[in-house]
Number of protein chains: 2
Amino acid sequence: MKATYMYGAGDVRIVDVPKPVIQQPTDAIVRTVRACVCGSDLHPYHSLPAMEQGLSMGHELIAVVEEVGADVKTLKKGDFVVVPFAFQDNTCVFCQEGMQTACVHGGWYGTPQADGLQAEYARIPQADGSAVAVPGVDPETASEDLLKSLLALSDVYLTGFHAAYMAKIEAGQTVAVVGDGAVGLSAVLAAKQLGAGKVILMGRHEDRTDLGREWGATDVVAERGAEGVTKVMELTNGEGAHVVLEAVGHMPAYEQSYGIVRPGGVISRVGVPQYEEAPIGFGSLFGKNARLAGGPAPVRAYLEDAIQQVLDGTIDPGKVFDRVVGLSEVPAAYAAMDARESLKVMVDPAL
Amino acid sequence: MKATYMYGAGDVRIVDVPKPVIQQPTDAIVRTVRACVCGSDLHPYHSLPAMEQGLSMGHELIAVVEEVGADVKTLKKGDFVVVPFAFQDNTCVFCQEGMQTACVHGGWYGTPQADGLQAEYARIPQADGSAVAVPGVDPETASEDLLKSLLALSDVYLTGFHAAYMAKIEAGQTVAVVGDGAVGLSAVLAAKQLGAGKVILMGRHEDRTDLGREWGATDVVAERGAEGVTKVMELTNGEGAHVVLEAVGHMPAYEQSYGIVRPGGVISRVGVPQYEEAPIGFGSLFGKNARLAGGPAPVRAYLEDAIQQVLDGTIDPGKVFDRVVGLSEVPAAYAAMDARESLKVMVDPAL
């Protein structure tokens, strides 16, 4: 089958690999309906050292179950499923606390534990915890818009939702979203779902911020750095935002975040941080009692509710996809997203 | 009058200065009943560069009102008051949100805005917001234990309480407290007040951890660093603490904190951080969705309730004071606390 591997910065290739097989009785094998490229895939696209073996890529998927292991109880051949970007048993102590990305039997795709999902087929470990069936939808006849919105639940929308959820937004609060990528826009949509009042979107790509406005952003700030901080302070009566959702992961976005957060407010990060150390002392967080939250989204915790919201039309998170390609065009899709010619690219192996 | 100044690391002196006078109609002048030396006073005691003019020291006080400015409405001459370690109007937007240490008209003692409180008299800015009368107590006849507990409310106990409060402890949760200084021990007492289950106190001074046990610590871990982390993980079934209260402010205490916090748990800091940058990336906070909270305690927000708890005997936070000295012995008190010969020293200007 065809699968996506990265061999160094900027070097993405489609290669032929053996079709996956059941390895554990808790595994399932699924056939890809749609996959996609993530903003976080661009981090290694910028920095991965050249390597002979390559990294197996991809962690977002909607698929049809082809085969299940002997211990899989909730899924059967033919089920149409959404696959969260991390796998988990959904039963361990941390899963029960809603922290599935810390599952004691969990892990990440594109690692020695499990291959990446930008491929024709995939092995899903801990399948009972790691894939959720979508009731009443046949992927062969479903609209492309519905498929996009379901695919968006595997990572991007529920990552934006996680930022808003961990910030415990209270009704009417002012929320600033740093970053107009697909996760940032999703955070705008989620913040409105959770009752935000004013929503300030910090981003400078008008086609993207237009979708942000459609999803509920009341203000857009194109300026960055100190200028951007000044603008947000003006928009908040000099007080700052109760909640800042940081959806980038680079240091300037974090610095902007603690510049605009209100005393006692919270910065919730879901952009994978490209730094380990950062300011948190008296001059950044401590002095104004600013709180910090966030991490890898436990998509599984939110997935069933979100599937219902997509099916009943409450949310349309699939609008972040502005291009659809076949697997052979995935390397070009990385390049297009990196050049910001595309917001987020969906992959249809049938093309 | 006599007042305490610091002229460099290790150089504390009692000097004669003019008695303070009303400067603003919102000021009050108070006569010190008791003051004390704070763990945070030891930070400049270690690092202050030598200076000719000196720093006015002290920020914890119980006192009797001598005179009030024309605009002061809630206090009158003769009132016995507790003075929180920061001043505030208690009416601005941040005060209303319970973030009095971010008051737009607030500030700190021992700065050009207001002299320090280790002195015979003090000027209290924004007196209506910055001093709370204790009903029905005459400081001339009150027991020394009661005075100690009321004095502890001006900073140390309510700073420990703030750590626990910002962590939003849920009933039965496991709480680890890093540091067996007076704030750490206060955090133990506060955590029990807020419903903590297991309370693990990390400290190695047995006389101190004994008071921690009396106040509710169920376990004491004397080990530090990696060994300390291992011990706490053993005590928590390998899962970590839901809540970590960091009451030191030095980097090793912070590192210990993210080592023992549970996925999805929270580190709440009230030790004034002696660092600006620290790890918060994937390997420390982000990867396990650990949250960070804390900052200068808005003592004023909690003070009225805490005064009642002291008066009705629910809490006895004054037990952190293990020595009482006159003003002339304050330099020796700094030295004793620095050498850990004393946990916390109370100052009685009448001695």
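A few notes on this one:
- Any chance B:Ala86 is small (Gly, Ala, Ser), in contact with a strand residue (DSSP E or B) (Cβ under 9 Å, 6 or more places away or on another chain), crowded, with 17+ Cβ neighbours inside 10 Å and under 30 Å from A:Val261 (Cβ atoms): yes
- Subset of segment B:95-114 [in contact (Cβ under 8 Å) with a residue 40 or more places away in the chain, more than 16 Å from B:Thr26 (Cβ to Cβ) and either in a loop (DSSP other than H, G, I, E, B) or not assigned by TED's automatic domain parsing to the domain that holds B:Lys319 (or both)]: B:Gly98, B:Met99, B:Gly110
- Just one residue in the set B:Val175, B:Val220 is in the same structural domain as B:His250 (by TED's automatic domain parsing) and within 26 Å of A:Gly265 (Cβ to Cβ); that residue is B:Val175.
- For segment B:242-258, a tally of residues being outside any helix (DSSP H, G or I) and acidic (Asp, Glu) returns 1.
- Test: residue in segment B:2-14 that is at pLDDT 95 or above, in a loop (DSSP other than H, G, I, E, B) and buried (at least 17 other Cβ atoms within 10 Å of the Cβ): no
- Any chance A:Gly294 is within 14 Å of chain B (Cβ to nearest Cβ), surrounded by 24 or more Cβ atoms within 10 Å (Cβ to Cβ), in contact with an Asp or Glu (Cβ under 9 Å, 6 or more places away or on another chain) and modelled with pLDDT under 95: no
- Note on segment A:247-291: among residues that are of a type in the set (Lys, Arg) and at the interface with chain B (Cβ under 7 Å from one of its Cβ atoms), the one that is nearest to B:Thr101 (Cα to Cα) is A:Lys288.
- Only one entry in B:Ser268, B:Ser257 is buried (at least 21 other Cβ atoms within 10 Å of the Cβ), within 21 Å of A:Tyr275 (Cα to Cα) and of a type in the set (S, T, N, Q), namely B:Ser257.
- All positions within segment A:200-231 that are within 26 Å of B:Cys103 (Cα to Cα) and out of contact with any Ser or Thr (no Cβ under 9 Å at 6 or more places or on another chain): A:Gly225, A:Ala226, A:Glu227, A:Gly228, A:Val229, A:Thr230, A:Lys231
- B:Glu341 assigned by TED's automatic domain parsing to the domain that holds B:Val221 and either under 16 Å from B:Ala190 (Cα atoms) or free of Cβ contacts under 8 Å to residues at least 40 places away in the same chain (or both): no
- Among residues of segment B:297-308 being away from chain A (no Cβ under 14 Å) and in contact (Cβ under 8 Å) with a residue 24 or more places away in the chain, the one that is surrounded by the fewest Cβ atoms within 10 Å (Cβ to Cβ) is B:Glu304.
The values are calculated or read from the model by the stated rules, or taken from the named source; none is laboratory data. Bear in mind the structure is a predicted one, so any value in this text is a computation, not a measurement. So basically every Cβ, Gly included, is an ideal-geometry build from the backbone, and we count neighbours across all protein chains shown.
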